[in-house]
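Asker: Input: one structure, supplied below.
The values are calculated or read from the model by the stated rules, or taken from the named source; none is laboratory data. Quick caveat, the model's predicted, so the values are computed rather than measured. Virtual Cβ from ideal backbone geometry, glycine too; neighbours counted across all protein chains shown.
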Amino acid sequence: MDIHTRPGERLLADGSDYHAINPMGQALAIRIRGGEVITENPVVLQYVPDQHPQARLAPDNGMERYRLQQWLNFIATELHKATYIPLLDRHSPDGAKAFARQKLALRFDYLSQQLAEHEYLQGYFTLADAYLITVLNWSPYAGIDLAAWPRLQSWVRAVKQRPAVARALAEEMAAYNAEMSANQATSP
């Protein structure tokens, strides 16, 4: 979905309207077996590893699964939506940006404390860590300097060195650069 060319629209590569898939026009949406569509990051992010349990990216059930859901919702609400979206959206009012920045210490201190006690959010790499690295990777673009949280900085560096994460980030950057090049070629 192209969100850069015409930010008010959500067009798929074939030119069709993404709102037909997700009326909110937000990523993430996935069409599952049987044709149903599921949306919302914490739901989609749990669906995918449930289809591949051998990857051990999501606990099966019990307290570990609830902790995973807790982390996914924290990342989705406190970081992705409440912090990064206002800072990344050039149309966000200054008050929204100031409010997001005011909450940085509370949110990042909480993460730093968890990661000081554990290598990963749940002690081993899960999809919560994959989602967290995605969001924290937006920090330079959002004007967030992680220097005040050295544990977060070192965690980001270490996770980016995981082969699958490095490959995913490289593929994402290549796709982004291709989209930007295509947009520049077609703009007046």
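Yes or no, residue by residue, for (1) surrounded by 12 or more Cβ atoms within 10 Å (Cβ to Cβ); (2) under 24 Å from P140 (Cα atoms); (3) assigned by TED's automatic domain parsing to the domain that holds D129:
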{"site": "P49", "(1), (2), (3)": "yes, no, yes"}
{"site": "H52", "(1), (2), (3)": "no, no, yes"}
{"site": "R65", "(1), (2), (3)": "yes, no, yes"}
{"site": "N73", "(1), (2), (3)": "yes, yes, yes"}
{"site": "K81", "(1), (2), (3)": "yes, yes, yes"}
{"site": "L87", "(1), (2), (3)": "yes, yes, yes"}
{"site": "K97", "(1), (2), (3)": "yes, yes, yes"}
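Asker: Being under 25 Å from Q69 (Cβ atoms) and over 14 Å from the mean Cα position of the chain (by Cα): is that true of A116 here?
Answerer: Numbers: under 25 Å from Q69 (Cβ atoms): yes; over 14 Å from the mean Cα position of the chain (by Cα): yes.
Here the answer is yes, as A116 does meet what is asked.
Asker: Can you go through Y66, Y110 and tell me which one is within 24 Å of V48 (Cβ to Cβ), out of contact with any strand residue (DSSP E or B) (no Cβ under 8 Å at 6 or more places or on another chain) and hydroxyl-bearing (S, T, Y)?
Answerer: Working: Y110 fails: within 24 Å of V48 (Cβ to Cβ).
One residue alone meets the criteria, Y66.
Asker: Name the residue that is farthest from I85 (Cα to Cα), counting only residues in region 120-148 that are under 14 Å from the mean Cα position of the chain (by Cα) and not in a helix (DSSP H, G or I). I'd like the intermediate steps shown before the answer.
Answerer: Initial filter on region 120-148 (under 14 Å from the mean Cα position of the chain (by Cα)): 126-139, 141-142.
Among the residues that remain, those that are also not in a helix (DSSP H, G or I) are: 126, 137-138.
Details: T126: 23, N137: 13, W138: 10 Å.
My answer is T126.
Asker: Suppose we filter region 27-47 for residues that are within 15 Å of the chain's Cα centre (by Cα) and either surrounded by 16 or more Cβ atoms within 10 Å (Cβ to Cβ) or not polar (S, T, N, Q) (or both); how many remain? Walk me through how you get there before you give the answer.
Answerer: Of region 27-47, the ones within 15 Å of the chain's Cα centre (by Cα) are 27-29, 39-46.
From what's left, either surrounded by 16 or more Cβ atoms within 10 Å (Cβ to Cβ) or not polar (S, T, N, Q) (or both): 27-29, 40-46.
Qualifying residue count, region 27-47: 10.
Asker: Among the candidates A105, A116, A82, which residue alone is farther than 26 Å from A27 by Cβ, free of Cβ contacts under 8 Å to residues at least 40 places away in the same chain, out of contact with any Ser or Thr (no Cβ under 7 Å at 6 or more places or on another chain) and in a helix (DSSP H, G or I)? Spell out how you get there, then give the answer.
Answerer: Working: A105 fails: free of Cβ contacts under 8 Å to residues at least 40 places away in the same chain; A82 fails: farther than 26 Å from A27 by Cβ.
Checking each option against the conditions leaves just A116.
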